[in-house]
Each structure stands twice: as C-alpha cells, then as structure tokens.
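Report on one structure; see the data block that follows.
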Amino acid sequence: MHDSSFKLVVVVSAASAAACVALMAVRVVSAVSFHEPLHLITSGWEQESLFAIWKSLQGLAVYADPYEIPFAASVYNWLFYQSFAGVTGSALGLLTLEDAWIPTIARLFTLAGAVAGSAICYRSFVAVVGSADRPLKALSAAFAVFVFFGPLIGFWAITARPDVWALALEILGVLLFWRFHRSRSVPALLAAALALYAAWAFKQANVLIAVSIALFLLTRRDWKGFGLFAAALGAGWGLTLAAGPPDYAAALLEATRKGFSLAQMTRNLANFSVKSVPSLAAFAGLLGALLVSPRLKQAFHEDDRWAFAVVGVGATAVLTVAASAKIGASEVYYLPLSYLLALGVLVGTAILRAEAAGTQRTRVLPAVLWTSAFGWGANLAAVATVFLGFQGVLSVTPQHARNLEVRRCVEALPKPVFVDNLYLSLPWMNVGGPHFVVSYNYETDRRADFAFERGGIGGMIEHGDFAALVLRRGDATFDGGRLDRYERRPGPCGHFVAYRRR
C-alpha cells in the first residue's frame, strides 16, 4: 500500500517537473535568439541591471550618485555586476558581437545558473536526507527541478538579475555544511560561509539560509561552530562594506527607501502560495501527521535533519513575509523558503517511510503521500492552464517588434535624444546617450522635491538640453518641466510621441 502510494507521488512529480521544464523552454525561446539580439525585458526593472552591467564593461563607476545625471542606481551587490560583466564581456569579445547582445548573453548566464542550481539542489537533498533509495532520489530530482524551473521562479530563470545565482550559492552552502560538518566541522563551516558570502555578494538580501544554519548550530548548542561561522561571515560582509567605493553602501539600501506595504506583502504571499502547492501541501501533510501521532513526533524531534529543515522553514518564512512587504518586491523573495520547504518534505518523507518499514507500522504515511500527490497534480494542472492560454505569460517576443520600431524613430532624430522608456534608453537602443535608465526611486524623490542635478529630467527639458524628445504622451509638461522649447514632430514614432527642439 505504502509503496504503491509513493510510486504514484514519484510518477506525478516527474510529470509535473517535466511540464515545468517544457514551459520554461517555451519561455526561453521567446526571450532568446541566436540569429539576432531580442530587445525586450523578462522581469521588472531588468533594464537597471543591464545598464549597470554595460557600465562595468565600459570601466565606468557601477555605483554612482542617483541625484546626478543620468540619475541611475545600481541596487545589487558587487559580485553580480562583476560576474555578469565578466561573462558578457568575454562572450562579446570571443564572438565579436556588439553591445546589443548583452541582454541575450546575460539571460543565458542566468539560465546556466538555473541548470547548475538544480544540480546543486539535488545533491544537497541527497546529502541531507542521507541514504535514499531510487524512488526518493527521483522525488528529490523532481523537487530540484521545481525549485529552479517551477512557477515561482518563472521568467526570473532567464533575466539579467542576481536571484538565481544567489539561490544556487546559498544551496551550495547547505551542501558543503551538511556533507562535511560532522567529520570536518571547521573546514565545512568555512566552506559554507564562503559560499554564503558569495550568495550575499550577488544579492545582499540572500542571507536567510545563512541565518538558518546559524540558528541550527545554536539549537544544537554548538557554540564553537556558531562563533566560527558567524565570525567568518561577519568579517566577509564587514570588510566588503569597508572596502567598497563611496556610493556602495548607500546603493545597497537604495531599494528599501520606498518603504513597505501590507498590500504588497499580501499579494506576494498569495502568489507564493499558489505557485508552491507541491511543497506546501506535502509539508502541511507532514505537520498534520505529527499532530495525530505522538510516536512520530518523538521520532522527528530526535532527527537532526528534520530539526535543520524546520528551523530553516520557520526563520525564513517569518523573515521573508516581512521582507516581501517592501514596495517593489515580488514573490521571487520566497525562493529560499521554496528550497527549504522541499528539503523538509524530503526529510519528513524519508523518516515516515523508515517508520512505516519498522515493527510499529504507521497509518499516516498514505495520507501524507496522497496529499503530496494532490499538490503535484495541482501544479501540473496549473502549468497546463498556462499552455492553454488561460493564465500566465508564454511569450515576451511581441515587445521586440515594438521596441525596434521606436528605435528606428530615435535613430532618425537629432541628438541627444531623451526617451521616456528605460529599455529604449539603454546604450544600444539610444546610441550616443545620455542614457536615462533612472533609479526606481526617481519619481518618488522628484515628487518629494529632492535636489537633482540641473533640476532632473524636467529641468533639463526646460533648459533645452535635448535636441529631441520621445515621450509616451503628448502632454504639455514632463517630469514637471514645460515643453515650450519643443514642437511636436508630425507622424508616429512607434507607440510614442516625438518632439524636436525649436
């Protein structure tokens, strides 16, 4: 009975994971071409990262004052920009490509991170669970695919952002810690700290798995291990902040200045819940089993693997729900929690199966397995609705033709041109610049009357600093600046309105 139920879970999870990979393949094809560079975005504010990568390639300051022209900000950590600039620069040079290929190469590097991350994820599952038979390894593989190619990660697997590589490095930290901490505790802790430092150096918010390991060491009263781990990470973070350029530390806090919103938190939590049904359903089933069986509760309580997963899930859930309230945040903040939930499900399933195979057979295992099968089946159905066009996004290709149309218009205008669109302001879209890929906080700060160089974009328009403007609407003002020095150019400019200086 138990074996047949578990086989059902494995079969449904494999089908669901395959559907996730198929959906990701369709999305990759829509966002990446080897025949021409596609001009589109795959996630919100991706343009900001692309501009920073380009600046790094040009030897320009990545971290700059957002109140000085061109009012841009780089809000992620140093290793993200350095690694992506290194990879894209090497590819551009090796293949003699122009800068317009930067988005394509950056997205492929992120996709490579998803592939590498899923392999690391699988190895970490096997390392923590310990001795696992073939069906449990198959379920581990399905969860590894789900974490890096499932609905929660979506287009983030093919976007120029640090989230995927940061998650992969966090999971590498778990793998290194768990595989060696019993036999070689000091090297294991230092290796894990190095991997987790690298995750932080990609994205400064990715510290939750480091917190989980630290809390686990505390719960096990491993004071020496905790002190070594905390000191190694703290030294890495502190030295980096101290050695960074002048605007570096302020840039890492730039994304939080818009504040927090209960509505944002609720939306992100709801999206996470809908996109994580396989892990949430199975984890809830495991918790239910512990409530009805004191013997199982004792068995779980004595297991270090379960303690690690539960500490991680609890701490990460609390911190992620709070962090996801930040204005501009998305459900991608929940990626570390998605991994830890999957880890908890695999560990709990292994413990339950071991108990069911013992002399005192448990009756709750079938119920947990059926709950798990339901979660995987629900995910399979949800992915199918995306393929059928009922929800979600299959393709971002239509953006390309619209952007090319506007770029042709921009090329025909006298320079310099201001374009009211972040992607169309990038160096390969508005050649010669200036490139106003403005900070996420720009509009908020302008409304708050912060002091910007030359009065911001609106002030530059009133001074006539641009030879031409390409705006979304034909209003009399833009960014608080009147268009008196400009006249509307006849004819369309794609879906924009063009102006020439009088």
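Annotations for the structure displayed:
- When region 372-406 is filtered for residues that are closer than 18 Å to F143 by Cα and without any contact (Cβ under 8 Å) to a residue 24 or more places away in the chain, only A381 remains.
- Between L369, L352, L346, L291, the distinction of being in a helix (DSSP H, G or I), free of Cβ contacts under 8 Å to residues at least 12 places away in the same chain and either over 30 Å from A263 (Cα atoms) or open to solvent by 20 Å² or more (accessible area, probe 1.4 Å) (or both) belongs to L291 only.
- Verdict on E453 being out of contact with any Phe, Trp or Tyr (no Cβ under 8 Å at 6 or more places or on another chain) and not β-branched (V, I, T): no
- Residue in region 129-148 that is under 14 Å from the mean Cα position of the chain (by Cα), closer than 19 Å to F272 by Cβ and in a helix (DSSP H, G or I) present: yes
- Flag if F71 is over 22 Å from the mean Cα position of the chain (by Cα) and not acidic (D, E): yes
- Residue match in region 472-493 (condition: at pLDDT 95 or above and of a type in the set (V, I, T)): no
- Looking only at residues in region 50-76 that are out of contact with any Phe, Trp or Tyr (no Cβ under 6 Å at 6 or more places or on another chain), part of a loop (DSSP other than H, G, I, E, B) and under 19 Å from A201 (Cβ atoms), the one that is most open to solvent (accessible area, probe 1.4 Å) is A61.
- Screening region 138-157 for residues that are buried (at least 24 other Cβ atoms within 10 Å of the Cβ) and among the aromatic types (F, W, Y) and picking the one that is farthest from W45 (Cα to Cα) gives F143.
- Only listed residue being over 36 Å from the mean Cα position of the chain (by Cα), farther than 26 Å from E98 by Cα and either open to solvent by less than 50 Å² (accessible area, probe 1.4 Å) or touching a residue at least 60 places away in the same chain (Cβ under 8 Å) (or both), chosen from R482, R454, R500: R500
- Count of region 158-193 residues which are free of Cβ contacts under 8 Å to residues at least 40 places away in the same chain and open to solvent by 10 Å² or more (accessible area, probe 1.4 Å): 8
- Of the residues making up region 1-60, those that are farther than 23 Å from D163 by Cα and among the aromatic types (F, W, Y) number 2.
- Any chance V437 is among the β-branched types (V, I, T) and touching a strand residue (DSSP E or B) at 6+ places or on another chain (Cβ under 6 Å): no
- Residue count for region 294-320, restricted to those that are loosely packed, with under 14 Cβ neighbours inside 10 Å and of a type in the set (D, E, K, R): 3.
- Region 367-388: number of residues that are aromatic (F, W, Y) and farther than 16 Å from A282 by Cβ: 1
- Some residue of region 106-122 being at pLDDT below 95 and not aliphatic (A, V, I, L, M): no
- Yes/no for V313 being aliphatic (A, V, I, L, M), modelled with pLDDT of 95 or more and closer than 27 Å to V383 by Cβ: yes
- Unique match (being surrounded by 20 or more Cβ atoms within 10 Å (Cβ to Cβ), touching a residue at least 12 places away in the same chain (Cβ under 8 Å), on the phi < 0 side of the Ramachandran plot and of a type outside the set (S, T, Y)) among V419, V431: V419
- Being in contact with a Cys (Cβ under 9 Å, 6 or more places away or on another chain) and among the hydrophobic types (A, V, I, L, M, F, W, C) holds for only one residue in A342, A284, and it is A342.
- Here G392 passes the criteria (1) assigned to a helix (DSSP H, G or I); (2) modelled with pLDDT under 90; (3) small (G, A, S) except the one numbered (1).
- The one condition in (1) open to solvent by less than 20 Å² (accessible area, probe 1.4 Å); (2) in contact with a helix residue (DSSP H, G or I) (Cβ under 7 Å, 6 or more places away or on another chain); (3) not β-branched (V, I, T) that E46 fails to fulfil: (2)
The values are calculated or read from the model by the stated rules, or taken from the named source; none is laboratory data. This is a predicted model, so every value here is computed, not measured. Methodologically, a virtual Cβ is constructed for each residue, glycine included, from the backbone with ideal geometry; neighbour enumeration extends over all protein chains shown. When the accessible area is computed, the model is the full protein with side chains, heavy atoms only, and any ligands, DNA or RNA have been set aside. Shrake-Rupley method; radii C 1.70, N 1.55, O 1.52, S 1.80 Å.
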